[in-house]
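**Q** Okay, handing you the structure first.
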Amino acid sequence: MSSQYQEHKFAKLFEYFDTDQDGVINQSDLDALAQSWCVEFSVPPRTPEWQQITDRVNELWHKLVEYADGDDQVTRDEWVAAALNPQFVHDVAIPFGMAAFDVGDRDHDGKMSAEEAVAGQIAGGHSVEESQRSFAAIDTDGDGFITRDEYRRSLEEFYTSEDPEAAGNALVGRF
Ligand SMILES: [Ca+2]
Ligand SMILES: [Ca+2]
Ligand SMILES: [Ca+2]
């Protein structure tokens, strides 16, 4: 079952992964994504953190290929089908989202401050306004930090909720 709303939402995330915007995700798109994270967060090449980011992104790529038709590119339809698959969401998408959270948690205190979150979102191509809006939605208890639990819940909502007002659906901004 899928709704047009969910397909729109996943299509927006597809654009994020398709870094060269040629309409398919290749390994080179994800390499470029890892690279842009490292630049944004000033992670020097060949450090343990750099290795971790590279490994997680490679893992995402191999899993995506497994869930798609196994060739060396993932189309928008293949991506949307994967995102609608609860097993993919549980085994691949949520762990990857949590790895991204840990990269963005620059001071490693297990929480995302507004400053950390907005930096990460701008790296993802969002405007400051969009980023602040999604921060406020995901920080459900309004204490000024997004905890790992709040983030995990918002990821789960993002992949499963068809309610445009659900906090998790603020993750990719407006669409
Ligand atoms: Ca591409
Ligand atoms: Ca932090
Ligand atoms: Ca909070």
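**Q** Using helices alone, what [θ] at 222 nm do you get for the chain, with -39,500 (n - 2.57) per DSSP H run of 4 or more residues, divided over all residues and rounded to the nearest 500?
**A** Calculated at 222 nm, the ellipticity per residue is -18000 deg cm²/dmol.
**Q** I want to verify a result. In a Gaussian network model of the chain, Cα cutoff 10 Å, which of these has the top mean-square fluctuation: GLU15, GLU129, GLU78?
**A** Maximum fluctuation in the GNM of the chain, among the listed residues, is at GLU129.
**Q** Give, as a single signed number, the net charge of other residues whose beta carbon lies under 11 Å from the beta carbon of PHE14, with Lys and Arg counted +1 and Asp and Glu -1.
**A** -3
**Q** Among PRO164, GLY110, GLN6, whose Cα projects farthest towards the positive end of the dipole of the chain, with charges put on the beta-carbon of Lys, Arg (+1) and Asp, Glu (-1)?
**A** Positive-most Cα among the choices belongs to GLY110.
**Q** What is the ratio of the Cα radius of gyration of the chain to 2.2 N^0.38 Å, with N the residue count, to two decimals?
**A** Dividing the Cα radius of gyration by 2.2 N^0.38 Å gives 0.98.
Computed from the coordinates by the stated procedures, all read-outs in this text should not be read as laboratory data. Owing to the predicted nature of the structure, the values given are computational and were not obtained by experimental measurement. Glycine also receives a Cβ, built like all others from the backbone with ideal geometry; neighbour counts cover every protein chain displayed.
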